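My structure is below; once you've seen it, I'll send some questions.
The values are calculated or read from the model by the stated rules, or taken from the named source; none is laboratory data. None of the values given here were measured: they were computed from a predicted structure. Neighbour counts are summed over all protein chains in view; Cβ atoms, including those assigned to glycine, are modelled from backbone coordinates with ideal geometry.
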2 protein chains.
Amino acid sequence: MRVTCKYEYVNNSIEEFKEQLRKVGLRITPARLVILTLLQNHSKPLEVRSVLRLLKASAPDQATVYRALSSLTTCGLVKAITLKSGIVSYEIANLPHHHHLICERCGYVEDVETCCESPRPRVASFTIVNDHRLEFSGICNNCA
Amino acid sequence: MRVTCKYEYVNNSIEEFKEQLRKVGLRITPARLVILTLLQNHSKPLEVRSVLRLLKASAPDQATVYRALSSLTTCGLVKAITLKSGIVSYEIANLPHHHHLICERCGYVEDVETCCESPRPRVASFTIVNDHRLEFSGICNNCA
DNA sequence: TAATATATGCGAATTATTTGCATTAGATAA
DNA sequence: TTATCTAATGCAAATAATTCGCATATATTA
């Protein structure tokens, strides 16, 4: 399906995104759709900077991008992951469960299915433990 | 041992820190020692902002703090960890192997010993995998 | 289609981080 | 020790990143 509006995008999951937005009570807006689409089309997590750069042309305003990423993350449609480097990146939330392997030199990120088989920690000061993130790091072939 | 110099600090590991700095080839300076001491005295990882705030009085200049955290991290004396929230925090590197459990509401961090028992991922695009970080998140008692 | 509340764009304000450069102070060797 | 060399610091200023206020536009709902 091709949709032309203020910003242009090509996407097959538009209806899905709309449904998700509806479900979490966020309005369906071009800015949110274009950002969801962008994240979906990139298999790798994207930093804000990249999102801004990739959308630059007729893109939503930068404040809008920040606000959209924030609301989408809060509502769980997008995941914010933070790599060892300290840079926050965003990815579509409903990907199959996976983790990341990141190159310490160049920042290249690879998804890995390896998961954490250990039990959830039991700590007196916490009531609920409901999520985990596992990140491996090393040196990619290019940098080695 | 009590050492008074341009900035003041109380510490029992000064000699250890000096030895570590020597080993990695960084000069032994008051700024580095005071930052290592601060990180050591806090059991929790600290963000740059907190480091700056806690040191404020007769502290090293902010540019110096950034530079020191950076060089200490590069040389491996300090670890930069990035929590789900996207905030980068720093902790002394030579703590026993552990991971973190963070409250999604308030950011409270607890160290946990639970580790990842799964095998290191084998991925064609990576030559070396040499580290991992595991982060659990949930709701702490205070927020629950 | 009208009413209303949310989202956007824009500019400006904040906040965070980095840089250049003159000066200070570790380290090293005589 | 002291002289020498180089890295580290402080300061001010530049840059980058993020947030905010507010008028306008737009999605939703009835």
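Residue-by-condition table, conditions (1) under 10 Å from the mean Cα position of the chain (by Cα); (2) surrounded by fewer than 21 Cβ atoms within 10 Å (Cβ to Cβ):
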{"residue": "A:Leu33", "(1), (2)": "no, no"}
{"residue": "A:Leu38", "(1), (2)": "yes, yes"}
{"residue": "A:Ser50", "(1), (2)": "no, yes"}
{"residue": "A:Lys56", "(1), (2)": "no, yes"}
{"residue": "A:Gln62", "(1), (2)": "no, yes"}
{"residue": "A:Cys75", "(1), (2)": "no, yes"}
{"residue": "A:Lys79", "(1), (2)": "yes, yes"}
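Where residues in region B:9-31 are of a type in the set (A, V, I, L, M) and modelled with pLDDT under 95, which of them is farthest from the chain's Cα centre (by Cα)?
Filtering first and then ranking leaves B:Val10.
Filter region A:90-144 down to the residues that are surrounded by 17 or more Cβ atoms within 10 Å (Cβ to Cβ), more than 9 Å from every other protein chain (Cβ to nearest Cβ) and either in contact with a Cys (Cβ under 9 Å, 6 or more places away or on another chain) or of a type in the set (Gly, Ala, Ser) (or both) and list them by number.
Of everything in region A:90-144, those that are surrounded by 17 or more Cβ atoms within 10 Å (Cβ to Cβ), more than 9 Å from every other protein chain (Cβ to nearest Cβ) and either in contact with a Cys (Cβ under 9 Å, 6 or more places away or on another chain) or of a type in the set (Gly, Ala, Ser) (or both) turn out to be A:Ile102, A:Val109.
Could you give every pair whose Cβ atoms fall below 7 Å, whose first residue belongs to region A:66-78 and is within 14 Å of chain B (Cβ to nearest Cβ) and closer than 14 Å to A:Glu47 by Cα, and whose second residue is near DNA strand C (Cβ under 9 Å from one of its atoms) and not polar (S, T, N, Q), counting only separations of at least 6 or pairs across chains?
Partner pairs satisfying both residue conditions: A:Leu69/A:Ile35.
Restricting the search to region B:18-77, which residues are within 10 Å of DNA strand D (Cβ to nearest atom) and assigned to a loop (DSSP other than H, G, I, E, B)?
B:Gly25, B:Leu26, B:Arg27, B:Ile28, B:Thr29, B:Ser58, B:Ala59, B:Pro60, B:Asp61, B:Cys75
Here's something else I'd like to know. Scan region A:57-64 and give yes if some residue there is in contact (Cβ under 8 Å) with a residue 24 or more places away in the chain and under 25 Å from A:Tyr108 (Cα atoms), otherwise no.
Within region A:57-64, not a single residue is in contact (Cβ under 8 Å) with a residue 24 or more places away in the chain and under 25 Å from A:Tyr108 (Cα atoms).
Cβ contacts < 6 Å: first residue farther than 19 Å from B:Leu46 by Cβ, restricted to region B:94-121; second residue assigned to a loop (DSSP other than H, G, I, E, B) and of a type in the set (Gly, Ala, Ser), any location; separation 6+ or different chain. Result?
Cβ pairs passing all conditions: B:Thr114/A:Ser118; B:Cys116/A:Ser118; B:Glu117/A:Ser118.
Applying the selection to region B:32-44, what residues are modelled with pLDDT of 90 or more and not hydroxyl-bearing (Ser, Thr, Tyr)?
B:Arg32, B:Leu33, B:Val34, B:Ile35, B:Leu36, B:Leu38, B:Leu39, B:Gln40
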